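Throughout, read-outs are computed from the coordinates displayed, never taken from laboratory work. Since this is a predicted model, take the numbers as computed values, not measurements. All Cβ positions, even for glycine, are placed from backbone atoms using ideal geometry, and neighbour counts span all protein chains on display.
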Amino acid sequence: MLRKNRLFTPGPTPLLPSAQNAMAAFGMHHRTADFRTLYTRTLADLKAFIGTNNDCLLLASSGSGAMEASISNLTSPGDTILVLTAGKFGERWADLGKAYGCKVEMVKAEYGQTFPLEAVRQKLSADVRVVYMQATESSTGVRHDVAGVAKLLRDSKHEALLVVDAITGLGTTKFDVDGWGLDIVIGGSQKAVMIPPGLAYLSVSERAWQRMESTKSPRYYFDLRKERKAASKGESAFTPATSLIAGLGAAFDFIRAAGNGDLAAGRDLLIANAELAAAMTRAAASALDLQLYAPTAPAAALTAIIPPAGIDSGVFVKGFREMFDAVIANGQGDMKGKLFRIAHLGYFDYLDTIAIIGGLEQVTAKVTQRKSFEFGVAVRAAQQIYADANGIAYEPAGALASAKA
C-alpha cells in the first residue's frame, strides 16, 4: 500500500499547514514597523497561551537555550540549586548548573516514576536559591506534580525561585502559572505549537527579574534583561527567527479559532485533545498486553511503552518505519532498547490516534509472532475511551452477544 511519512515523536511534531504557509511566504525585515506589530502581537499571544500576566520572551534557540538562560540569569557561581529529576531532561538541569559553577543538590526518582513531595521538602535547605524541574519528562513519559512542588514552596514561605521546563508540558497540561507562583516557565516551538524547532519561549515573574539584578553568572546572548528591554519596543535584542515567529503567529491564530476567538479556550481544547489521545493509547497498549513505562504518573504529551520480554524497542521503531514510514521514538541513553514513545502533543487528532494504534497492532503482531493474535482489540479499547469521553452511547460487543443468546 501507499505509505505516507508521519511523525509520532514528542518533538519535532507534525507541522500545522497554515503555519507552514505563513513561514514559506514570510520575507519581512525584523527592524520594521510591520514586524514590530507581529512581534508584539505574538508576545501577547504567548501570555495567553502560557496563561500568565508575567512578561514573556522569545529566543532564537532550542528549548535548551531557555534552560541555560534560566541558570545563567538566576544564579551566581557557588549558589546552591535543587534539581528534581527522574529522566534525561531532568539531568540536563544538573549539567547546566554545574557548568555555571552552582552547587547542585538533587532529588531523584527512578526512571518511569515521579518524586515524592516529602523528598523535596527534606532537601529544601535555607541556602537553596532556585528549584529546577520538568513538567513532563519526555524521555520517560512521566508527568510531575508542578502544582504540588509550587504549593510546598509557598506553604514553607521558602524564598527559592521555581523554574519549570514545560517544553512538552505546555499545550498538554493545565498550569496556573501566576496562582501557583511559577517564576519561569519554558516552552519550545517544535512541540504543542506545531512549528519547526528553533524558537524557545518563556514567561518570567517579577521575583525572577529582581533576582537577575544581583546574580553574577556570565551571560551575553542569553541575557534576559536585554530581551525584556528590546521586547518593550516590539523588537528582539538580536536577529530573531523571523519566519518561525510568523509561523508561531499562525499557530496561535489556529488555536484561537478552535476556541471560537479565545486563545486560552483553544489552548484548553489542545490540552484536552492530548489527554484524550494519550488515554486512548494507554488503553490500546494495555489491550495488547504491553506494559506502560510510566503507569502511575502518565503524561499527556506522549506514551512510553515497554516492549515484550526479549524484544528490543528498536524493533518496534524499525517496524513502524518499514511497514508504514511512520516515525516513533526509541528510548534515550540507557533507556534505548527498553521503551518506545508515541506522541500526542500538537497537531494530532482522533484519526491520527486510531491510525497509530492500528499500526501498533500490526507491528506487535509482526515482531512478537504470537501464535494467537486478535486484531482489533487495541482499536476497540481506544474507541471505547473516545466514546466515553464524548458521551457516545454504545453496548460492548460482549453485552450484545449475551443479549442475543
Residue 257 versus residue 367, label points 7 Å from Cα toward the beta carbon: distance in nm? 3.7
If exposed means no more than 12 neighbouring beta carbons inside 10 Å and the site is in a DSSP loop, what's the longest run of the chain without any exposed GluC sites (Glu not before Pro)? 214-373
Sparse-neighbour loop sites [chymotrypsin sites (Phe, Trp or Tyr not before Pro); the stretch 179-284; at most 11 other C-beta within 10 Å; DSSP]: 220
Provide the percentage of antiparallel DSSP beta bridges, counting only those with both residues in the stretch 17-258; round to the nearest 5. 40
Towards the positive end of the charge dipole of the stretch 17-258, with charges on Cβ (+1 Lys, Arg; -1 Asp, Glu), say which of 252, 209, 131 has the farthest Cα. 209
Calc'd 3J(HN,Hα), the stretch 215-228, phi into Karplus 6.51 cos²θ - 1.76 cosθ + 1.60 (θ = phi - 60°), Hz, glycine/Pro = x, comes to 7, 10, 5, x, 7, 9, 4, 9, 7, 5, 5, 4, 5, 5
Can you tell me the orientation of helix 63-72 relative to the chain, as the angle in degrees between its alpha-carbon axis and the longest Cα principal axis, to the nearest 10? 40
Roughly how big is the chain's charge dipole about its Cα centre, with Cβ charges of +1 (Lys, Arg) and -1 (Asp, Glu), in debye to the nearest 20? 560
What is the spin-label model distance, in nm, from residue 207 to residue 34 if the labels are put 7 Å beyond Cα along the C-beta direction? 4.3
Going through 88/318; 338/366; 191/336; 98/123; 151/229 one by one, the pairs whose alpha carbons sit over 25 Å apart turn out to be 151/229
The chain - mean residue ellipticity at 222 nm from DSSP helices (-39,500 (n - 2.57) per run, n ≥ 4, rounded to 500): -14000 deg cm²/dmol
Here FRET efficiency (C-beta to C-beta, residue 332 to residue 230, R₀ 45 Å, nearest 0.05) is 0.80
Which of rounded, prolate or oblate describes the stretch 1-89 when judged by the alpha-carbon gyration tensor and an a/c cut-off of 1.5? oblate
If we count every other residue with Cβ under 14 angstrom of residue 109's Cβ, Lys/Arg +1 and Asp/Glu -1, where does the sum land? -1
Less than 17 Å apart at the alpha-carbon level, and either on another chain or at least 8 residues along: which aspartates and glutamates does that give for residue 47? 55, 165, 176, 178, 183, 206, 227, 235, 253, 262, 268
Would you mind classifying the stretch 251-405 by shape? Square roots of the alpha carbon gyration tensor eigenvalues, ordered a ≥ b ≥ c; an a/c under 1.5 is rounded, otherwise it is prolate if a/b is larger than b/c and oblate if not. oblate
Using DSSP, restrict attention to beta bridges with both residues in the chain and report what percent are antiparallel, rounded to the nearest 5. 50
May I ask you to evaluate 6.51 cos²θ - 1.76 cosθ + 1.60, the Karplus curve with θ = phi - 60°, for each residue of the stretch 390-395 and list the ³J(HN,Hα) values in order in whole Hz, giving x for glycine and proline? 9, x, 8, 6, 7, 10
Label points 7 Å out from Cα along the Cβ direction at residue 377 and residue 309: separation in nm? 1.7
Stretch residue 239-residue 178 to full length: gain in nm at 0.36 nm per residue minus the Cα-Cα span? 19.0 nm
What is the chain by shape, rounded, prolate or oblate, if you read a ≥ b ≥ c off the alpha carbon gyration tensor as root eigenvalues and call it rounded for a/c under 1.5, prolate for a/b larger than b/c, and oblate otherwise? prolate
Counting other Cβ atoms within 10 Å of each Cβ, which trypsin sites (Lys or Arg not before Pro) in the stretch 126-168 have at most 10 and sit in a DSSP loop? 157
Whole-Hz ³J(HN,Hα) for each residue in the stretch 339-350, computed from phi via Karplus 6.51 cos²θ - 1.76 cosθ + 1.60 with θ = phi - 60°, x for glycine and proline: what do you get? 7, 10, 10, 10, 8, 9, 8, x, 8, 10, 10, 4
I need the trypsin sites (Lys or Arg not before Pro) found in the stretch 30-112, filtered to DSSP loop residues with at most 16 other beta carbons within 10 Å of theirs. 31
Given +1 on the Cβ of Lys and Arg, -1 on the Cβ of Asp and Glu, and no further charges, what dipole in debye does the stretch 17-258 carry about its Cα centre, rounded to the nearest 20? 320
Pairwise centroid distance, computed over Cα atoms, of the stretch 206-283 with the stretch 69-140, Å: 22
Where the only charges are on Cβ atoms (+1 Lys, Arg; -1 Asp, Glu), what is the dipole of the stretch 226-384 about its Cα centre, to the nearest 20 debye? 380
Quick one: order 120, 177 by neighbouring beta-carbon count within 10 Å, fewest to most. 120, 177
Once you have all Cα-Cα distances for the stretch 17-258, histogram them in 10 Å bins from zero and send the whole-percent values. 8, 34, 36, 18, 5, 0
Using Cα positions and a limit of under 13 Å, work out the aspartates and glutamates in reach of residue 216, with same-chain residues fewer than 8 apart set aside. 79
